[in-house]
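Heads up, the thing below is written out as structure tokens.
The values are calculated or read from the model by the stated rules, or taken from the named source; none is laboratory data. Note that this is a predicted model, so its numbers are computed, not measured. All Cβ positions, glycine included, derive from the backbone under ideal geometry; neighbour counts span all protein chains shown. Each accessible area value is taken on the protein alone, full model and side chains, heavy atoms only, with ligands, DNA and RNA left out. Shrake-Rupley method; radii C 1.70, N 1.55, O 1.52, S 1.80 Å.
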Amino acid sequence: MEHWDVYLSGEIHTDWRQQIEDQVEAAGLPISFTAPVTNHENSDDCGVQILGAEPNKFWHDHKGAKINAIRTRTMIEQADIVIVRFGEKYKQWNAAFDAGYAAALNTPLIIMHGPEHAHALKEVDAAALAVTETVEEVVAILRYVVEGKLEKAALKVVK
């Protein structure tokens, strides 16, 4: 069985990544996961902690964004699939960028968000090969693409 690398991008305020990882492990799927730095303070401050303080917040953020990009770009480029979750609490511009980067690389993209974001994310959704709302849907897609197996479940009713 082939091994798959999946990059988990997006909101950092819930445990959705851990839920996916736990369910994939329980299913015995040959998948490894990577992700951005999810410690918000570390992500924001890495540039100034490593390269020195900046009096201007723009340059503070700029240094951090560039250092974080080393990680995210490398992991997205190495991924077989990129999953991007858009949460409810904040606008995740970085997640939208990651989705666009994956799409530009022609890397299969799965988007996850609630129905309240359908309009705002229509262009991002159009670039995805699947748009989901739940962790269970993501795991079912991964099971299907990795093993070709479908779980017996009730059909979703489209409204």
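Restricting attention to the stretch 97-132, the residues that are under 22 Å from Met75 (Cα atoms) and in a helix (DSSP H, G or I) add up to 11. Among the numbered criteria (1) surrounded by fewer than 19 Cβ atoms within 10 Å (Cβ to Cβ); (2) closer than 24 Å to Asp15 by Cβ, which single criterion is violated by Asn106? Every condition holds for Asn106 apart from (2). Only residues that are of a type in the set (S, T, N, Q) and open to solvent by less than 50 Å² (accessible area, probe 1.4 Å) were counted across the stretch 69-103, and they come to 2. All told, Ile110 falls short of being touching a Ser or Thr at 6+ places or on another chain (Cβ under 9 Å), modelled with pLDDT under 95 and not aromatic (Phe, Trp, Tyr).
Suppose we filter the stretch 89-119 for residues that are among the small types (Gly, Ala, Ser), under 16 Å from Ala69 (Cα atoms) and touching a residue at least 24 places away in the same chain (Cβ under 8 Å); how many remain? Before the answer, list the steps.
First, the residues of the stretch 89-119 that are among the small types (Gly, Ala, Ser): 95-96, 99-100, 102-104, 114, 118.
From the residues that got through so far, the ones that are under 16 Å from Ala69 (Cα atoms) too are 95-96, 99-100, 102, 104.
If we keep only those that are touching a residue at least 24 places away in the same chain (Cβ under 8 Å) as well, we get 95-96, 99-100, 102.
Here the count works out to 5.
List the number of the failed condition for Thr14; all other conditions in (1) under 19 Å from Val146 (Cβ atoms); (2) open to solvent by 20 Å² or more (accessible area, probe 1.4 Å); (3) outside any helix (DSSP H, G or I) hold. Only one criterion is unmet by Thr14, namely (1). Check the stretch 30-40 and report whether any residue there is in a helix (DSSP H, G or I), closer than 23 Å to Thr134 by Cα and touching a residue at least 40 places away in the same chain (Cβ under 8 Å). No, there is no match, as no residue in the stretch 30-40 is in a helix (DSSP H, G or I), closer than 23 Å to Thr134 by Cα and touching a residue at least 40 places away in the same chain (Cβ under 8 Å).
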